[in-house]
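For reference, the structure is listed below as structure tokens.
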Amino acid sequence: MLSRLNLTDIWSSLRVRQAATLYAASFAGIPLSIFTSIVFTRFLGPQGYGDFTFLGSLFDFAIIIFPAGIFYAGNRALVLNNRPSTAREYYGATLVYFFFLFLMMAVSLLVYGLVDPNLAGKGLSRFFLLMIPVSWIFLLAPFFDNMLHADNRIHDLAATRIVPKLITFAAAAIIYSVAESYGGNRLAVIWGIYISAFLFVYVIVLLRIRVSFKNLGIRMQEIRKHHRGYGVHLYTGILFSAGAISLTYILISYFSADNTSVGFFTLAVAIARPLALIPGVIATTWFKEFASQDRISRKMLLVTLLLSMLALAGIYLLAGPFIRFFYREAFLPVIPLVHLTSVGMLMYGIGSFFNRFLEAKGRGKTVRNTHIAMGVTLLASNLLLIPSFGVTGAAVAMIIGSSVYGIGMGAGYLSKNSS
């Protein structure tokens, strides 16, 4: 079987090496994040760690809503462009839009922070409000994810994914060794480390891009055109799907006395995340080539599915012993959640693989409709299951919603290539 796949020839491909780089960065970030989470859970405790992840879920939800499809439009402009100087201008034009998007996001978050009873009831309102002025850091994450892979800047994209986690990992090691007896605001310490790490890396990547604001009006008009024909369709769908995913964490909090279950669910998803990364990273590195291809190579499909199934088996075998050894007894409820969320992550990863191909072909409406179907299904499942079954219901809802996503994206791909 391996000889038929011609693995030596495949490895010699630039795209394969880029895929390996990006996946190595993404995959390496997982154990780093997990080790960091071990330290953070001991530093913050189950409830404090739940507060940390809950606040993160609020900003995750915000950066799904407020980009409004502009970053997808910038992505499309870069995919169709072959001139480096013009690419830098697209970055500049998209950053101008970024500024106005952040203003809208900050005002909306301010209003939410002042009126939300759940934040007030859990004693997090003041802390949340203080984080809003630096929340533009979070908005840069979707900007880089969309722009860098479209411009084939895979090493820069890899840096945005791994270097902040390396910095956070180093800080966590220091906390573990010298600060366990710290008596101040521990939540503030953790968030300060987290935001500083991402700020440092994001500024360096922006400097490497050498953003240009030449021909700003022309480039902004072109991005608006791509937004109307492509970006808004993709945004509408992803607003439903990714928005429903982020709402899962928020709903767990709303139906819980504290945020402990939010932390459990976050850990389970983090451990299962490689199953979503494998197909997504492979498809990301071939994204530009997909635009000129009629179908996905059977070899690529086979390798992707094989790696995904091996990863699923590995997580089922190792997750239990890993959690028992590294986490305190209070975190044992994470084990069954990992088994459930792994299935959901596998289906989501398969859907993401076909999603990248459909995006590269400009089939925004197909992608949009599948994301809407997933989002509606996930939200309905969450509302039905979380009030009765809590965090376990959220994990089952993830399987249901991700299955709709994976099957829908695969059906969209096959419908184009069946004739």
Cβ-Cβ FRET estimate between Lys299 and His339, R0 fixed at 25 Å, reported to 0.05: 0.25
Work out from phi, with θ = phi - 60° and the Karplus expression 6.51 cos²θ - 1.76 cosθ + 1.60, the ³J(HN,Hα) of each residue of the range 234-245, listed in order in whole Hz, and give x for Gly and Pro. 5, 4, 4, x, 5, 4, 6, 6, 5, x, 5, 4
In nm, what is the difference between 0.36 nm times the number of residues separating Met309 and Ile218 and their Cα-Cα distance? 28.1 nm
Based on the alpha-carbon gyration tensor of the range 353-407 and its eigenvalue square roots a ≥ b ≥ c, which shape applies: rounded if a/c is under 1.5, prolate if not and a/b is larger than b/c, or oblate? prolate
List the equivalent ellipsoid semi-axes of the range 138-179 in whole Å, largest first, each obtained as the square root of 5λ for an eigenvalue λ of the Cα gyration tensor. 29, 10, 4
Taking a quarter of the surface of the convex hull around the Cα atoms of the chain, what do you get in nm²? 20.3
Just report the Cα centroid separation between the range 46-115 and the range 191-227, whole Å. 11
Would you be so kind as to identify which of Val334, Ala360, Thr36 lies farthest towards the positive end of the dipole of the chain, taking Lys and Arg as +1 and Asp and Glu as -1 on Cβ and the Cα centre as origin? Ala360
Given an 8 Å cut-off on Cα distances and at least 6 residues of separation, report the relative contact order of the range 7-417 as a percent. 25
Size of electric dipole in the chain: Cβ of Lys, Arg +1 and of Asp, Glu -1, about Cα centre, debye, nearest 20: 1220
The range 212-368 - percent relative contact order, Cα under 8 Å, separation 6 or more: 39
Alpha-carbon spread of the range 303-419, three principal axes, descending order, Å: 54, 36, 18
Cα centroids of the range 345-419 and the range 123-170: how far apart, whole angstrom? 25
Taking a ≥ b ≥ c as the square roots of the Cα gyration tensor eigenvalues, with a/c under 1.5 meaning rounded and otherwise prolate when a/b beats b/c, else oblate, which class fits the range 113-243? oblate
Helical contribution to [θ] at 222 nm, DSSP H n ≥ 4, -39,500 (n - 2.57), averaged over the chain, rounded to 500: -29000 deg cm²/dmol
How many lysine pairs in the range 7-417, separated by 8 or more positions in sequence or lying on different chains, have Cα atoms less than 26 Å apart? 14
Can you work out the FRET efficiency for the pair Leu110 and Leu206, with r the C-beta to C-beta distance and R0 = 35 Å, to the nearest 0.05? 0.85
Using every pair of alpha-carbon atoms in the range 206-320, split the distances into 5 Å bins beginning at 0 and state the percent of pairs per bin, rounded to integers. 2, 8, 10, 11, 15, 16, 14, 11, 8, 4, 1, 0
Provide the net charge surrounding Ile193, with neighbours chosen by a C-beta distance below 13 Å and charges set as Lys +1, Arg +1, Asp -1, Glu -1. +2
Under a GNM of the chain (C-alpha, springs under 10 Å), which listed residue has the highest mean-square fluctuation: Thr53, Thr236, Thr86? Thr86
Taking every pair of distinct Cα atoms and averaging 1/r, then inverting, what Kirkwood hydrodynamic radius in Å comes out for the range 176-244? 16.6
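We did not get these values from a lab; they are worked out from the coordinates using the rules stated. Remember, it's a predicted structure, so these values are computed and weren't measured experimentally. As a convention, Cβ positions derive from the backbone with ideal geometry for all residues, glycine included, and neighbour counts pool all protein chains shown.
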